[in-house]
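The structure appears below as structure tokens.
None of the figures in this text is laboratory data; all of them are computed from the coordinates on show. The shown structure was predicted, so the numbers you read here are calculated from the model rather than taken from an experiment. Glycine gets a Cβ as well: all are built from the backbone with ideal geometry, and neighbour counts include every protein chain shown.
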Amino acid sequence: MRLIFLGAPGSGKGTHAVRVKADYHIPHISTGDIFRANIKGNTPLGQQAKAYLDKGALVPDELTIAIVKDRLANPDCAKGFILDGFPRTIQQADALATFAGVDAVINLILDDETIVERVTGRRMCACGATYNVATLKGATTCAKCGGELYQRVDDQPETVRNRLEVYAANTAPLIDYYRAKGLIKDVDSNGLSIDQVYDKIKEVLDTL
Ligand code: ADP
Ligand code: ZN
């Protein structure tokens, strides 16, 4: 299964991609995670990407495309993959089509209001767990490992607004792009719990 998860920042792409990875045994490729790991490790790629991530701007297509192309050439992608956060521009989608096929594009739909609430309230732990202040009840440490929780630099309200604008201008056009190819599977997540959304996603995947 070759999947793309499409949706605004905070729409739940990462959360559900992790579950699909576990249940369907296909790699989860998050360009955001790749960039963040490289920034943390201070690699040449991280040094190039950092300024873009901090601003909530897109990393240039050429760089991003090369990374994904390289990653998809890895043998673990032979059975399929979940792309989370890529493509984010028409140029990236056109490039992807030259080196990989796609079976479905899961389009996670969520109201703007909820998105802003989720992203600005998101807290992370170094172990990979994510939380939201809405459910943390004031806790500042991770329930799984005890680690100190932190906010992603690009989850601050100013940057979130920028990311949403970038999404609307550059990424939302991909919905029509993939709909025209018959690949879009809309998953409306408004008012649903994570489990309920995931059930909808599984229903879609089980038809593929
Ligand atoms: P979210 O989906 O919550 O916005 P991501 O972790 O997917 O978060 O992305 C974080 C940042 O990484 C983006 O704001 C952007 O700077 C960079 N990035 C991730 N994927 C891409 C991509 N496909 N093209 C360009 N930049 C990207
Ligand atoms: Zn933790």
> What are the residues in segment 162-180 that are touching a residue at least 40 places away in the same chain (Cβ under 8 Å) and basic (Lys, Arg), if any?
Replying inline: ARG163
> Can ASP76 be described as under 18 Å from the mean Cα position of the chain (by Cα), more than 16 Å from ligand 2 (Cβ to nearest atom), surrounded by fewer than 15 Cβ atoms within 10 Å (Cβ to Cβ) and part of a helix (DSSP H, G or I)?
Replying inline: no
>> For segment 85-123, give me each residue that is more than 23 Å from LEU192 (Cβ to Cβ) and either part of a strand (DSSP E or B) or more than 17 Å from the chain's Cα centre (by Cα) (or both).
In response: GLN91, ASP94, ALA95, ALA97, THR98, PHE99, ALA100, GLY101, ASP103
> Restricting attention to segment 24-65, which residues are over 21 Å from LEU6 (Cβ atoms), more than 16 Å from ligand 2 (Cβ to nearest atom) and surrounded by fewer than 16 Cβ atoms within 10 Å (Cβ to Cβ)?
Replying inline: HIS25, ALA37, GLY41, ASN42, THR43, PRO44, GLN47, GLN48, ALA51, ASP54, LYS55, GLU62
> Of all residues in segment 7-42, which are assigned to a helix (DSSP H, G or I) and within 14 Å of VAL119 (Cα to Cα)?
Replying inline: LYS13, GLY14, THR15
>> Restricting to segment 1-36, name every residue that is hydrophobic (A, V, I, L, M, F, W, C) and within 16 Å of ASP70 (Cα to Cα).
In response: ILE29, ILE34, PHE35
> Which residue pairs have Cβ atoms under 8 Å apart, sit 6 or more places apart or on different chains, and have a first residue in segment 189-200 that is in contact (Cβ under 8 Å) with a residue 40 or more places away in the chain and a second that is of a type in the set (Lys, Arg)?
Replying inline: SER189/LYS200; TYR198/ARG19
